[in-house]
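The values are calculated or read from the model by the stated rules, or taken from the named source; none is laboratory data. Nothing here was measured: the structure is a model prediction, and the numbers come from that model. Note that each Cβ is placed from the backbone with ideal geometry, even for glycine, and that neighbours are counted across all protein chains shown. Surface accessibility is based on the protein's heavy atoms, side chains included, excluding ligands, DNA and RNA. Shrake-Rupley method; radii C 1.70, N 1.55, O 1.52, S 1.80 Å.
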Amino acid sequence: MNFFLSFVILAEIFSIAALSTNLLMGIIGIFSVAQAAIMGIGAYTVALLMMSGVPFFVALLAAIVLCAAVNVISSLPSLRLAGDYFIITSFGTQLVATAVFINWQGLTGGASGLFDIPLATIGGWTFATARQFVLLSTLCLVAVAGSFWLLMRSPYGRLLHAIRQDEIAAVAAGRRVLRAKVGVAAVSGAYAGIAGGLYATYISFIDPTSFDIHVSVLVVTMLVVGGARTLSGSIIGPFLLIAVPQLLAMIDLPSTLLGPMRQLVYGLILIAFMVWRPQGIAGRRL
Amino acid sequence: MTYLAVSHVTKTFGGLVALDDCSFVIAPGRISCVVGPNGAGKTSIFNVVTGFIKADTGTVVFKDKDVTSLSRHDRVRLGIARTFQNLRLFEELSALDNVLVCLADEAGNGPLAAMFRPFHTEAVLKRKKAEAAALLDEVGLGHKIEVPAASLSYGQKKLLCIARVLATRAELILLDEPTSGLAAGALDAMVTMIHTLKARGRTLLVVEHNTRIVQRIADDVLFFHRGRLLAQGSPDEITSNEELGRIYFGRGDEH
């Protein structure tokens, strides 16, 4: 039961990360492979604040604000660079973030990471076991998915789709495209902050590899498999791909093979979807 | 009052002179057609007036306000809006959303209200949908509200462009080749539409190639050639000018 619940929790956390990436890549067309870095900033923020005694809720709020700000700043080059060039820029952002996580040892614990991150507690409720934590992660996913749904339904959501399709036409209509992009980057960053914060307090251990380029690519893969631009795609993708290592764990594989096997399966799934179903399971083509 | 005054505008792209010391004044409530051979600078003058390119020298004054250094979206807010020769519709969005996105009303265009004031935003959305639907009705696309722009016929797409530019509430409207590529029926509908816009008090600047259409819609004609404004006058004055006719049609080049 715990095995299944921990799968659900992880899938929910990555659904929130996928929704964050979906806003940038699927909705407004900023192709970023740095979302794991933003998630990592959220995770380290929550971990460090909670370890110095700040309550979970306040730490999470701080992570949300910080990640929103960082995501806006790291997305700014995309306002000037055309799509393909921004991928390179975001790749750089991801590498810089990982380098900071590894080398700022006094703060992040370096390569060995941070451990014994306290349990999440809100108003006397402690989310210690998977059974308890799944309530918290489900609540957060419902809140994030709900806000995503409201965003997409609103005039603002329609404007974001319009900007992706023809930015010049949106400007010619008198829209403040820069402001709209900053807004969506902030919301996307806030989502990533929530995902990172939940991850840190649930796993209770984080290190630089938890948020490296592989994780960013994994989130993009989730989006491709689930289907970009849609709400359901951002949830289906993570649930399917998080199931892969859980299923592999059931097969009797030598532990040295587990990691490479997982990457191999992810790669095969990504290629298969690109070839046979580029729009993903429940979405549209990126 | 000066309604629209373009003064001494020059624009070069590398060695190519797109606009060469162009000056003209447009009076409100009139339809002015911009004509001239390919490469005359017609679209460039549109781009300068709407802020899509910055002139090297010269000024653009709209309603006594110098708008030369204003951003594109600020000019739209002041009341200058345009269409594009290549339409630039939001192809995946419905006709309704194409218009809705262009409405002058800024309400509901931010993320915070959408997420934290959902009922208010829903009311804004409802109001905007009604407004956009009314505009689609006006241009004769009331029956195509839910259709994605990509699925409309070419004539309908051009009418959708008109609905979009109307949504901005701009009073000076620049139409870049609104009748090009239209079959006879759609062409007549567009000409009627242009007359309707004028009747509603809009001022229009129209790039138009077809001299017969120019005769049907223009109050004034601005004739451009090689980046220079060669003549400005009534359609009859311009068409009876043999020199301009020779430039435009290559007429009389034989001797």
Which numbered condition trips up B:Gly185, out of (1) out of contact with any Leu (no Cβ under 7 Å at 6 or more places or on another chain); (2) open to solvent by 10 Å² or more (accessible area, probe 1.4 Å); (3) part of a helix (DSSP H, G or I); (4) within 14 Å of another protein chain (Cβ to nearest Cβ)?
-> (4)
In the range A:112-167, which residues are modelled with pLDDT of 95 or more and of a type in the set (D, E, K, R)?
-> A:Arg153, A:Arg158
Filter the range A:202-229 down to residues that are touching a residue at least 60 places away in the same chain (Cβ under 8 Å), within 23 Å of A:Leu151 (Cβ to Cβ) and outside any helix (DSSP H, G or I), then give me how many there are.
-> 2
In the range B:38-52, residue farthest from the other protein chains (Cβ to nearest Cβ) [restricted to those that are closer than 15 Å to B:Val17 by Cβ and touching a Phe, Trp or Tyr at 6+ places or on another chain (Cβ under 8 Å)] | B:Ala40
For the range A:165-184, what are the residues that are part of a helix (DSSP H, G or I), within 10 Å of chain B (Cβ to nearest Cβ) and open to solvent by less than 30 Å² (accessible area, probe 1.4 Å)?
-> A:Ala169, A:Ala170, A:Val171, A:Ala172, A:Val177, A:Ala180, A:Gly183, A:Val184
Identify the residue in the range B:60-80 that is at the interface with chain A (Cβ under 7 Å from one of its Cβ atoms) and not charged (D, E, K, R) and, among all such residues, is nearest to the chain's Cα centre (by Cα).
-> B:Val76
Pair list, Cβ < 6 Å and 6+ apart or interchain, from the range B:45-66 residues that are in the same structural domain as B:Cys22 (by the TED database) and of a type outside the set (Val, Ile, Thr) to residues that are part of a loop (DSSP other than H, G, I, E, B) and open to solvent by 10 Å² or more (accessible area, probe 1.4 Å) | B:Asn47/B:Ile53; B:Asp64/B:Met1; B:Asp64/B:Thr2
Within the range B:117-130, is even one residue facing chain A (nearest Cβ under 7 Å), within 22 Å of A:Phe148 (Cβ to Cβ), open to solvent by 20 Å² or more (accessible area, probe 1.4 Å) and in a helix (DSSP H, G or I)?
-> yes
With respect to B:Glu91, is the statement that it is of a type in the set (Asp, Glu) and more than 13 Å from chain A (Cβ to nearest Cβ) true?
-> no
Would you be able to tell me the number of residues in the range A:123-154 that are more than 14 Å from chain B (Cβ to nearest Cβ), open to solvent by less than 30 Å² (accessible area, probe 1.4 Å) and not hydroxyl-bearing (Ser, Thr, Tyr)?
-> 7
